[in-house]
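This report refers to the structure that appears directly beneath it.
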């Protein structure tokens, strides 16, 4: 055995039999070494029947893993490391075992693994993948062995990154889920477990780089310290929006809704992905209050309920009746895709649109403004904190899905004027439809020539 796990969490991570083990939580906890240790143990034990896959978001992120692989070659365990293309390396062992090291920048690249079979799929730094859930689901089809080898998935990661909320939800991390660490749980027949590791659990790092601990403890940013040193999954790094209860964005519900306050409903369509419905009222200053929501997910991040348009609109009516607002004057706005004709049974685009189906039940939608640059500016304008008044967006504390998804949205690394669209952005898109009805600040003047709020609605 060339690699030996360090006592504590690394031993548990290296030997965990769960279907999907997630290991880490802090910087310097020995995550990548644990990942490599599992792959090495499989290669040594099963020889030519072992075919491992190791994934990172970018090829340059493999620098440390490639260095460690080259060490294995120098020790005589691995035979060679050869390049496949600009995003892939292959590691071949003297006993016939193989690893593939591949970078997945876009979800479309997952198609490259269709028809392949891997005995263990390792995802290093899971939070860097904005399409984490989609990737995991797609790769499960390639996790198999004709030789009867137990096939598993293993992931590492710290809090933060565009995939933060998906990883957090998938492994039930943080106080929101209150799932005890190191206790396996089952979802749809798959066992999952989170094994946390602290910096103190990696004494080998102290031996090799005694100043690393000092550098980490010298970090002054409280968010980074909480994420990288404490492994706190309730903080977000690189988020697109500064949204929190402390800033006045989350409030206790105000009931009843003030008499005469205009009511709104915003809608973002989804089937395989979640749909989102939000209900709002506005005060005399143009401030929006989100007082009710319906998020169409199945409990797994970014997975939809697969309801038909008829089922969704019936659910909307049922919820409005229960809340006592059905039959009132509600201005309803939705994305332009809701107005597109759908394919009919002949294959042509003449079928009823979502808006048509809603209208047949007495729910009439208006087309929203989809401009992404203006949407994100309006969202931030609404979140702005003022010294002498509350922000222009306030969310009832009962709207848990807004509070769950909005803080996790990250800026698109290729376009700082937009958010990462592979994240769970459905509530963001839905909310922006109503914000664009009543734009604030300079955007209002440039778009509508200074029209007041009432004129915009009418």
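Computed from Cα positions, the angle between helix 63-75 and the longest principal axis of the chain comes to roughly 20 degrees.
Between residue 79 and residue 198, the modelled labels are 4.5 nm apart [label points 7 Å from Cα along Cα→Cβ]. Computing FRET efficiency as 1/(1 + (r/R0)^6) for residue 337 and residue 226, where r is the C-beta to C-beta distance and R0 is 30 Å, gives about 0.20. Among 164, 426, 361, 433, the order by Cβ neighbours within 10 angstrom, fewest to most, reads 361, 426, 433, 164.
In the chain, what is the volume of the convex hull around the alpha carbon atoms, normalised per residue and reported in Å³? Before the final figure, lay out each step's value.
Numbers: hull volume 79.8 nm³, N = 458.
Spread over its residues, the Cα hull of the chain gives 174 Å³ apiece.
You can think of it this way: the chain between residue 71 and residue 361 has 97.7 nm of extra reach, that is 0.36 nm per residue less the Cα-Cα gap.
Annotation for region 216-263 versus region 1-76: alpha-carbon center distance of 35 Å. Residues of region 114-133 with amide nitrogen under 18 Å from the 7 Å Cα-to-Cβ point of residue 45? Flagged as within label range: 118-123. For the chain, the 222 nm mean residue ellipticity estimated from helices alone, with every DSSP H stretch of n ≥ 4 adding -39500 (n - 2.57) and the total spread over all residues, rounds to -8000 deg cm²/dmol. Seen against the Cα atoms of the chain and their longest principal axis, helix 372-383 is set at about 80 degrees. With both labels modelled 7 Å from their Cα along Cα-to-Cβ, the residue 111 to residue 60 distance reads 2.7 nm. Summary value for region 250-457: 24 percent relative contact order, contacts being C-alpha pairs under 8 angstrom separated by 6+ residues.
With N set to the number of residues, divide the alpha-carbon radius of gyration of region 149-213 by 2.2 N^0.38 Å and report two decimals.
That works out to 1.38 for region 149-213.
For region 296-379, the square roots a ≥ b ≥ c of the C-alpha gyration tensor eigenvalues yield an a/c under 1.5, which makes the shape rounded.
What is the spin-label model distance, in nm, from residue 214 to residue 321 if the labels are put 7 Å beyond Cα along the C-beta direction? With each label point 7 Å from Cα toward Cβ, the separation is 7.0 nm. Applying 1/(1 + (r/R0)^6) with R0 = 56 Å to the Cβ-Cβ distance of residue 387 and residue 140 gives a FRET efficiency near 0.65.
Given contacts defined as C-alpha pairs under 8 Å and at least six residues apart, what's the relative contact order of the chain, whole-number percent? Working shown, then result.
Values: 850 pairs, mean separation 68.8, N = 458.
Dividing the mean separation by the residue count of the chain yields 15 percent.
Set against the 2.2 N^0.38 Å expectation for a compact globular protein, region 326-426 has a Cα radius of gyration ratio of 1.39.
Size check on region 250-457: the Cα extents along the three principal axes, sorted descending, read 58, 45, 38 Å.
Shape summary of region 154-299, radius of gyration then Dmax from alpha carbon positions: 20.6, 69 Å. The DSSP beta bridges internal to the chain are antiparallel in roughly 45% of cases. Given R₀ = 35 Å, FRET efficiency for residue 191-residue 417 by Cβ-Cβ distance, to 0.05? Once the sixth-power term is evaluated, E becomes 0.25. In whole angstrom, region 14-140 maps to an equivalent ellipsoid with semi-axes of 21, 17, 15, each derived as √(5λ) from the alpha carbon gyration tensor and ordered largest first.
Compared with the direct C-alpha span, the chain from residue 251 to residue 88 gains 53.8 nm at full extension, assuming 0.36 nm per residue. Cα axis of helix 309-323 to longest principal axis of the chain: angle in degrees, 0 to 90, nearest 10? Helix 309-323 sits roughly 60 degrees off the main axis of the chain.
Diagonalising the gyration tensor over the Cα atoms of region 9-228 and scaling each eigenvalue by 5 before taking the square root yields semi-axes of 26, 22, 17 Å, largest first.
No lab work stands behind these numbers, since they all come straight from the coordinates. Just so it is clear, the model here is predicted, and its values are computed rather than measured. Virtual Cβ from ideal backbone geometry, glycine too; neighbours counted across all protein chains shown.
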